[in-house]
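Before any comments, here is the structure.
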Amino acid sequence: MYMLKPNKALILRVMKSPLILRITATFIALFFNTTLLVAQLRDTTHTAEVASQCDTNDFKEFSQQGIALHKIQNPRFYCSMLDWMGVRYRAGSGTKQGTDCTHLVSNIHKSVTGAIFGGDASHMYSACDPIEVDSVKEGDLVFFKINKSRISHVGLYLQNDMFVHATVHKGVIISSLQEAYYKKYFIGCGRLKSTYYPNQKIK
């Protein structure tokens, strides 16, 4: 049977023709645009699902502070936080009239996960398994030594190096681990031990 041999020179000329190149470029652009559109639709759907669990307008505040709504894994943490944002600082207290850092963290965790723990920041550090910064996730704790020889401050990790905590001068706010002040005093991250979850274990 006679086999027709391919003309390599002709094939190369065709492949290099402006028309073929334009068609190829168009298909490549369509592929990437479609992929991007699918990803955006997925993120938009997830964002809508997250916002539907709390007040949508309040959730916009998180977005303005660097929180990517489509990356939220547990919306209940953020819903609980909304009730505390802006509450003033009060040492030894854990109410909406005033709270310190440890009561804020324990109250949010209890309302979301059912975890029961307390004490000062150093006690909370002991209640956690240490974890690397690159392994930290929503709900983990971040610890600091601020002008003291022992751990004196704690916050609740969110995402993108952001965490929520109660500060002496500004009350409950969201800050970044990349801020010079917090980078200076940052000690490490911790994940609550499973023994502090009476009804469930941490995932």
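The values are calculated or read from the model by the stated rules, or taken from the named source; none is laboratory data. Keep in mind it's a predicted model, so treat the numbers as computed, not measured. Reconstructed Cβ throughout: ideal geometry from the backbone, glycine too, with neighbour counts over all protein chains shown.
Criterion first (modelled with pLDDT under 95, under 23 Å from GLU61 (Cβ atoms) and not polar (S, T, N, Q)) does VAL112 satisfy it?
yes
If you check LYS137 against the conditions, is it of a type in the set (Lys, Arg) and within 19 Å of ILE72 (Cβ to Cβ)?
In short, yes.
With VAL164, VAL172 as the choices, which residue is under 17 Å from the mean Cα position of the chain (by Cα), β-branched (Val, Ile, Thr) and at pLDDT 95 or above?
Unique residue meeting the criteria: VAL164.
When the residues of the range 98-116 are narrowed to those that are in contact with a Lys or Arg (Cβ under 7 Å, 6 or more places away or on another chain) and not aliphatic (A, V, I, L, M), which ends up farthest from THR195 (Cα to Cα)?
Selected residue: GLY98.
Can you tell me which residue is nearest to ALA121 (Cα to Cα) among those in the range 60-84 that are surrounded by fewer than 16 Cβ atoms within 10 Å (Cβ to Cβ) and among the aliphatic types (A, V, I, L, M)?
So, considering only residues that are surrounded by fewer than 16 Cβ atoms within 10 Å (Cβ to Cβ) and among the aliphatic types (A, V, I, L, M), the one nearest to ALA121 (Cα to Cα) is LEU82.
Among the helices (runs of 4 or more DSSP H) contained in the range 92-203, which hold 3 or more residues that are surrounded by 14 or more Cβ atoms within 10 Å (Cβ to Cβ) and in contact (Cβ under 8 Å) with a residue 24 or more places away in the chain?
Passing ranges, in order: 101-113, 121-126.
When the range 126-161 is examined, which residues are found to be more than 12 Å from GLY190 (Cα to Cα) and among the small types (Gly, Ala, Ser)?
Listed by number, the residues that qualify are SER149, SER152.
From the list VAL133, VAL172, VAL154, pick out the single residue that is out of contact with any Pro (no Cβ under 9 Å at 6 or more places or on another chain), among the β-branched types (Val, Ile, Thr) and more than 25 Å from ARG88 (Cβ to Cβ).
VAL133
Considering only the range 100-125, state which residues are within 24 Å of PHE186 (Cβ to Cβ) and out of contact with any Gly (no Cβ under 8 Å at 6 or more places or on another chain).
Selection gives ILE108, ALA115, PHE117, GLY118, GLY119, ASP120, ALA121, SER122, HIS123.
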